[in-house]
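The values are calculated or read from the model by the stated rules, or taken from the named source; none is laboratory data. All values reported here derive from a predicted model rather than from experimental measurement. Here Cβ is always computed from backbone atoms with ideal geometry, including for glycine, and neighbour counts include all displayed protein chains.
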There are 6 protein chains.
Amino acid sequence: MRIDGRQNDELRKFNITRNYLLHPEGSVLIETGNTKVICTATIEEKVPPFLKGQGKGWVSAEYSMLPRSTHTRKIRNSSKGKIDGRTQEIQRLIGRSLRSIVDLEKLGERTIWIDCDVIQADGGTRTASITGAYVALMDALMKLKNEALIKEIPMNDYIAAVSVGIVNGEVLLDLCYEEDSSAKVDMNLIMTSKGEFIEIQGTGEEAPFSKAELNKLLEFGEKGILELIEFQKKALGY
Amino acid sequence: MRIDGRQNDELRKFNITRNYLLHPEGSVLIETGNTKVICTATIEEKVPPFLKGQGKGWVSAEYSMLPRSTHTRKIRNSSKGKIDGRTQEIQRLIGRSLRSIVDLEKLGERTIWIDCDVIQADGGTRTASITGAYVALMDALMKLKNEALIKEIPMNDYIAAVSVGIVNGEVLLDLCYEEDSSAKVDMNLIMTSKGEFIEIQGTGEEAPFSKAELNKLLEFGEKGILELIEFQKKALGY
Amino acid sequence: MRIDGRQNDELRKFNITRNYLLHPEGSVLIETGNTKVICTATIEEKVPPFLKGQGKGWVSAEYSMLPRSTHTRKIRNSSKGKIDGRTQEIQRLIGRSLRSIVDLEKLGERTIWIDCDVIQADGGTRTASITGAYVALMDALMKLKNEALIKEIPMNDYIAAVSVGIVNGEVLLDLCYEEDSSAKVDMNLIMTSKGEFIEIQGTGEEAPFSKAELNKLLEFGEKGILELIEFQKKALGY
Amino acid sequence: MRIDGRQNDELRKFNITRNYLLHPEGSVLIETGNTKVICTATIEEKVPPFLKGQGKGWVSAEYSMLPRSTHTRKIRNSSKGKIDGRTQEIQRLIGRSLRSIVDLEKLGERTIWIDCDVIQADGGTRTASITGAYVALMDALMKLKNEALIKEIPMNDYIAAVSVGIVNGEVLLDLCYEEDSSAKVDMNLIMTSKGEFIEIQGTGEEAPFSKAELNKLLEFGEKGILELIEFQKKALGY
Amino acid sequence: MRIDGRQNDELRKFNITRNYLLHPEGSVLIETGNTKVICTATIEEKVPPFLKGQGKGWVSAEYSMLPRSTHTRKIRNSSKGKIDGRTQEIQRLIGRSLRSIVDLEKLGERTIWIDCDVIQADGGTRTASITGAYVALMDALMKLKNEALIKEIPMNDYIAAVSVGIVNGEVLLDLCYEEDSSAKVDMNLIMTSKGEFIEIQGTGEEAPFSKAELNKLLEFGEKGILELIEFQKKALGY
Amino acid sequence: MRIDGRQNDELRKFNITRNYLLHPEGSVLIETGNTKVICTATIEEKVPPFLKGQGKGWVSAEYSMLPRSTHTRKIRNSSKGKIDGRTQEIQRLIGRSLRSIVDLEKLGERTIWIDCDVIQADGGTRTASITGAYVALMDALMKLKNEALIKEIPMNDYIAAVSVGIVNGEVLLDLCYEEDSSAKVDMNLIMTSKGEFIEIQGTGEEAPFSKAELNKLLEFGEKGILELIEFQKKALGY
């Protein structure tokens, strides 16, 4: 039995609040169990230097945790004067996975900035960030379309992300912090609504894992992601 | 008539949510009009080097804005690799004003970290941070007392903060962003429940102001602060 | 009786040396008691990006202390790789107060850089910086006028700054370091020759202060500032 | 046919030179095709603060590229004053994967520093770094054993790493730079001699990939890794 | 004929003011022509980590220029967030040359911090810094002796420094800025009262120089340094 | 007798490998005794801002040591977030000395970047860097000429560099690390094939040195440099 009484392949209680903030072009509060992340999308009418003049757009992401989103206070990256490695890894992952389903040519020469700020952390903040950022990004794209700045929503598919892992020999879906911190294997999956992979990141830091375990992890992950995509569709009114 | 229909000496709609987050020793969501700030208090059982071994405690504050708390996206201090001057000024102000009413000797050799993170900004974020941080700080101190780590709550009085200013020749209480950005004079006041001053910061960046104007600013400010302290008392159950 | 035998409302011995350095467009050594600050004004024929093309000028200030301007050696900001909060606060204050009396439109699209370098510190370095910087700024503006780059001196009034405080229950004008370090209330005032306020910054870090105390602080401050403006006028030959 | 005439599941020409440098406790030049990396292992008789006093050791890794290891000159991280995200990601990966097969308790309270410096880059530098670092690490551990500082080599298995990808619809093993830069799917695999996974990192930045493609990628990767482990064994004299 | 009418082997007008500042253990204003540097010496009762417990002392130096010591405003190193290469080179030179004549064992386990702050620059700031710092250092050492913290002044000899160069084919002593900026060869010499070398740094950036030219440069340099040492002796009252 | 059996005026075993790396326009492995440095030259078709539009070129140099090029592991400058003083000094020296023999006007408006990366250090890394960088620079210039981007090789002479020093009272040429670390006097010389000086940097950190000692140091240095220039010529095929 899991800590919070869930089945091994069961997601945590999930909620998406659209238009959570007043100013951004897209803004979402995503809640999955006790994990809460504010995801915003900002439209900027220019692109990074390496893309200038190519008629293509860009999606860039930043991720941060409030100091007391976690059990013990985390020192701010701004106080340290540099962005720690974990944060860099996560924001690169968010940006890369969103870019993979946006049609950057159709987006036109503009950048969408995605900001994922973790208000409360209980495991799975990076996957929740991606799942929520997708919705904020859609809102920003619809705003562009409503203002006739683009002709169609330049989005190729839905994507969502979830964590899976092996804890005490059991394969589990959507790990909370306590499960995550005792996991032998930890995997983050990002998939489309067609069940195809955008990203697989699996780590056996404490012990290697077998092909059979991998397959079960992928199976649970796919199940969770397809459910999350249903939540996204409902939130977006489809 | 003000933009939002308020009287010149009227506060915006105000709300305090205690225990807003799961992990911190004290955590508050403060809402004043459209301005929303998460204030947390963290207990750390050590003091900065300059206080070591003196049996006294410390209160330290950090302040930050989410990139899209504002109309246009604000670049993160962590991305710039340094904390901008405005942020430094504000976090020094928050820490200084809270230290002025805490009995640091009775607090004992520990630090209370105050984190004020602006989720949405519509003017008055620094004063809202102080007013909210006071409540989060009280919650952390009560936790220390409940755990018998201190004998009494080492707090000398209530404090709250508010902005006043002169806009189009009118003295106004609790300026929203639009008022603030066209103010000729801008003042932040921090006062106790006895109507005494902790901090006065008044700036006539666009034009100097007279003694008479100063007096009216102080009068409006005092009125607002005493009302805010009533909200604090109610939130804390007094 | 004060440490140095002064009356409570008496300034320290004061001196301004114009043209103190060879290279700058304006340069002043200001001495008030044992506090000595070199203030320079530099003309740069461009403005910060946010002002480009608006035909308006800018005044920007930097402040620094020599490591041994103080009793114990202060580590350089350049060695720490970042500017400390107190320094940022002071240089923002100097720039803001000088901009408030310069007619930036008449200045034209150029920047005046103000540098205040404290050679010796004995309290009141930020207020001495402002009082001295005013004179250096005037010298730079006169140079612009002499070179026919501007038609008139774009300065609306005189300004000077002074500290006041409450020490052992007494309100004192122009605190030296020893007084300042035992002050219960500490206030910096910047005023014009008409007795109007540019900036009020009062802090009761150790104890709140009353309206009556505030009024006495303002009275002493005004007296001191009007005397300092007389010194400025004399130094400038008016 | 591949650019360099290889079969789709064929590794590039591979070589390991042990004791490549004079000073380090372990040092290896690893060459795979035109990719050349110097991997060193340094023994330090202390552990990071979070491990102090627990009797456990640590393995930490740093990765860097010479500015002209690449086609165009790469600006040094030291010149930029910060470590870029890609570098951070890679050095975290190297450290994590090596820690997963070292018995940190048997290592005792000491740190092994792994430095991977890319002399020449032609794709696969991160996987070459791991494969080479394993051998340098073994040399350092053998030195510890020879000096009787540890009783047995605290290594649980062999590990090696390789890249696989999908280029023009073909699954390829051990991509060179030209293949890598046109790959639709890019995957790095780290596995043990038993064919178990330490790390899977697969990215479909340009297009998602299916379960069938994933299986073929894993099959090719396992083949390559088992061959690389044979090279490691031979280099180490087993 | 030189710009300022000097002979080729003639020093500029030179002056040393001892006890220039109130707080430091040693402080000197050195003026050579229009170059003015404040040199201070600070005693700190601890040593850098690498010397701890060895009973030996240390001398460390920092050098900085006021932004408007120069013709055009120099951006502060603190604003850039790092110390530029030229500054690092100079402060390493000052520290190294002073350490070479101090008996660090007799100094005892303490550090003397030397701060050289250029108030006005007209060539030769690094050599003036060394010549002046010597006197400030002597004052700090005498203070230690007067307080009976050391038994004798741990100084082995006098040292002074001067620049020499080749301008328009002429070897010149003590170059001012205008000469320095058109010099083909530029050399800084640090010597003792016995005419021995502490440091020779000669650069033919625009053209190489011959052995014969080197000898003449050294001859002029020695003449200048012996004169400077006479000034030091007189300033110190010998 | 020297540690490695050499005569006092004898160079270490010396080797230059041209075209050491695949990508750079010039790349050299220089080995002198156990010291090994990779020197590369990169052509960039632009100049630093201060040279823009003047039709002149530039040569800029960077220097770095692999962490385990030395006996104990050296922390990377990138990890420290800043370039240490010694590194800055060395890269300024390399750039300055190479610029002194390149005809920057004939080079045209382009920059040659020199990178010197020390693979293994046993004394004399900065002088080996210069001697090797000269050859890499020549290779890059010949490439420019072969591509008809310049009409002639814009190089005025050969230059090489060597260290000399005084160890146990003996003047020695080309010091290895063990000699260098016990040297009383340490000197680096950069000279042309005509025996003229580009740079002399001599330091008597532990003891001053006399004119007679200087002359002997220069004599040994010249002998060594002329031999090194013969090696350069041979490597370049002259």
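Within the set E:I190, E:I150, E:I114, E:I130, the sole residue that is out of contact with any strand residue (DSSP E or B) (no Cβ under 7 Å at 6 or more places or on another chain), among the β-branched types (V, I, T) and at pLDDT 95 or above turns out to be E:I150. Cβ-Cβ distances below 7 Å connect the following pairs, each with a first residue in region A:114-142 that is within 14 Å of B:P67 (Cβ to Cβ) and within 13 Å of chain B (Cβ to nearest Cβ), a second residue that is aromatic (F, W, Y) and not in a helix (DSSP H, G or I), and a separation of six or more residues or different chains: A:C116/A:Y63.
Exactly one condition in (1) over 21 Å from B:A161 (Cβ atoms); (2) at the interface with another protein chain (Cβ under 7 Å from one of its Cβ atoms) is false for B:Q88; which is it? All conditions pass for B:Q88, except number (1). Within region F:1-46, can you find the residues that are in a loop (DSSP other than H, G, I, E, B), within 19 Å of the chain's Cα centre (by Cα) and under 28 Å from F:L149 (Cα atoms)? Matches in region F:1-46: F:N19, F:Y20, F:L21, F:P24, F:E25. A Cβ distance below 6 Å, combined with a sequence gap of six or more or placement on separate chains, defines the contacts here; from region A:41-52, residues that are more than 9 Å from every other protein chain (Cβ to nearest Cβ) reach residues that are in a helix (DSSP H, G or I) and among the hydrophobic types (A, V, I, L, M, F, W, C) in the pairs A:I43/A:A140. With respect to the conditions (1) surrounded by 23 or more Cβ atoms within 10 Å (Cβ to Cβ); (2) under 12 Å from the mean Cα position of the chain (by Cα), F:L107 lacks only one, and its number is (2). Checked against (1) touching a Ser or Thr at 6+ places or on another chain (Cβ under 9 Å); (2) crowded, with 23+ Cβ neighbours inside 10 Å; (3) of a type outside the set (G, A, S), C:L141 passes all but a single condition, namely (1). Restricting region B:110-127 to residues that are hydroxyl-bearing (S, T, Y) and more than 17 Å from B:V47 (Cβ to Cβ), the residue that is surrounded by the fewest Cβ atoms within 10 Å (Cβ to Cβ) is B:T125. Applying the set (1) more than 23 Å from B:A207 (Cβ to Cβ); (2) surrounded by 18 or more Cβ atoms within 10 Å (Cβ to Cβ) to C:I130 leaves exactly one unmet item: (1).
Of all residues in region A:83-107, those that are of a type in the set (S, T, Y) have Cβ atoms under 7 Å from Cβ atoms of residues that are assigned to a helix (DSSP H, G or I), 6 or more apart or on another chain, in A:T87/A:N77; A:S97/A:I130.
Quick grid of which residues meet (1) under 18 Å from the mean Cα position of the chain (by Cα); (2) surrounded by 20 or more Cβ atoms within 10 Å (Cβ to Cβ); (3) among the small types (G, A, S):
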{"position": "B:P48", "(1), (2), (3)": "no, no, no"}
{"position": "B:L51", "(1), (2), (3)": "no, no, no"}
{"position": "B:K56", "(1), (2), (3)": "no, no, no"}
{"position": "B:A61", "(1), (2), (3)": "yes, yes, yes"}
{"position": "B:M65", "(1), (2), (3)": "yes, yes, no"}
{"position": "B:S69", "(1), (2), (3)": "yes, yes, yes"}
{"position": "B:G81", "(1), (2), (3)": "no, no, yes"}
{"position": "B:R86", "(1), (2), (3)": "yes, no, no"}
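As for region A:179-195, it holds at least one residue that is over 22 Å from A:I94 (Cα atoms), surrounded by 22 or more Cβ atoms within 10 Å (Cβ to Cβ) and touching a residue at least 60 places away in the same chain (Cβ under 8 Å). Residues that are at pLDDT 95 or above and of a type in the set (A, V, I, L, M, F, W, C) were ranked within region E:1-24; the one that is surrounded by the fewest Cβ atoms within 10 Å (Cβ to Cβ) is E:L22. In this structure, is E:D9 touching a Gly at 6+ places or on another chain (Cβ under 9 Å) and within 14 Å of chain C (Cβ to nearest Cβ)? No: the conditions fail for E:D9.
Annotation: A:L173 fulfils all but one of (1) under 20 Å from the mean Cα position of the chain (by Cα); (2) within 14 Å of another protein chain (Cβ to nearest Cβ); the unmet one is (2). Once region F:154-180 is narrowed to residues that are among the polar types (S, T, N, Q) and under 22 Å from F:K233 (Cβ atoms), the residue that is modelled with the lowest pLDDT is F:N156.
Listed by first and then second residue, the pairs linking a residue in region D:15-28 that is touching a residue at least 24 places away in the same chain (Cβ under 8 Å) to a residue that is part of a strand (DSSP E or B) and among the basic types (K, R), with Cβ atoms under 6 Å apart and 6 or more places separating them unless they lie on different chains, are D:V28/D:R18. Within region B:178-222, being closer than 14 Å to C:K211 by Cβ, facing another protein chain (nearest Cβ under 8 Å) and over 20 Å from the mean Cα position of the chain (by Cα) holds for B:K211, B:L214. Being under 12 Å from F:R76 (Cβ atoms) and free of Cβ contacts under 8 Å to residues at least 12 places away in the same chain is the filter here, so list the residues in region D:65-78 that pass it. D:R76, D:S78, listed by residue number. Taking region B:198-217 as the range and being touching a Lys or Arg at 6+ places or on another chain (Cβ under 8 Å) and crowded, with 21+ Cβ neighbours inside 10 Å as the test, the residues that pass are B:E199, B:T203, B:G204, B:P208, B:F209.
Taken together, the residues in region C:190-222 that are closer than 19 Å to B:M191 by Cα and among the hydrophobic types (A, V, I, L, M, F, W, C) amount to 7.
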